[in-house]
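The values are calculated or read from the model by the stated rules, or taken from the named source; none is laboratory data. In this text, all values refer to a predicted model and were calculated from it rather than measured experimentally. Every residue, glycine among them, receives a Cβ derived from its backbone with ideal geometry; neighbour counts consider all protein chains shown.
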Amino acid sequence: MAIEQTFSIIKPNAMKKNAIGDIISMFEANGLKIAAAKVTILSKSKAEEFYAEHKERPFFGELVSFMTSGPVTIMCLQGENAVAKNREIMGATDPKKAAVGTVRAKFGDNVGENAVHGSDSTASAARELALFFEKHEICNV
Ligand code: DAT
Ligand code: MG
């Protein structure tokens, strides 16, 4: 299995729950390492660019408004099969459908406010990491 890097966001609703530590512990307990991390507030234009693939969806406005509503933690996670492993740890998009013990089951409120983002492919991971981090800000951990 290949060592990969993937992009992760702890979303504003999970930040309000003071859950950064709990969520990062779940990544670490499952073998992922934190290769970069920053607490920040997304601008509207950055959030729109990040979620560009969803711009025709009816929930796009709500999604951008939620993602810019407060601080987020942006991260690069590294490890074997990191892209798929992160999606497994996160659980399904809708917290009601997320497996017990996943981040979204624990900290998600609804399908929009679902606690975390994780890249869905290695190509998305490369695009998303480049959008938020300079190359030198990501460590090979
Ligand atoms: P994921 O975040 O699991 O990759 P996605 O790419 O389909 O899911 O959607 C991106 C985000 O958009 C998702 O995390 C929350 C929001 N979203 C998706 N479906 C939604 C819906 N039906 N209503 C409201 N928000 C939704
Ligand atoms: Mg997605």
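The set of residues from the stretch 102-141 being away from ligand 2 (no atom under 12 Å from the Cβ) and among the hydroxyl-bearing types (Ser, Thr, Tyr) comprises Thr102, Thr122. In the set Glu113, Glu49, Glu28, Glu80, only one residue is of a type in the set (Asp, Glu) and within 13 Å of ligand 1 (Cβ to nearest atom); that residue is Glu113.
Quick test for you: out of Ala14, Ala2, pick the one residue that is modelled with pLDDT under 95 and more than 18 Å from Glu137 (Cβ to Cβ). Of Ala14, Ala2, the one residue that is modelled with pLDDT under 95 and more than 18 Å from Glu137 (Cβ to Cβ) is Ala2.
The residues listed here are Gly118, Gly101, Gly61, Gly108; of these, the one that is away from ligand 1 (no atom under 11 Å from the Cβ) and among the small types (Gly, Ala, Ser) is Gly101.
The residues of the stretch 1-35 that are within 13 Å of the chain's Cα centre (by Cα), buried (at least 20 other Cβ atoms within 10 Å of the Cβ) and part of a strand (DSSP E or B), listed by number, are Gln5, Thr6, Phe7, Ser8, Ile9, Ile10. Among the residues of the stretch 108-130, those that are under 21 Å from Lys33 (Cβ atoms) and in contact (Cβ under 8 Å) with a residue 60 or more places away in the chain comprise Ala115, Val116, His117, Gly118, Ser119, Thr122, Ser124, Ala125, Glu128, Leu129.
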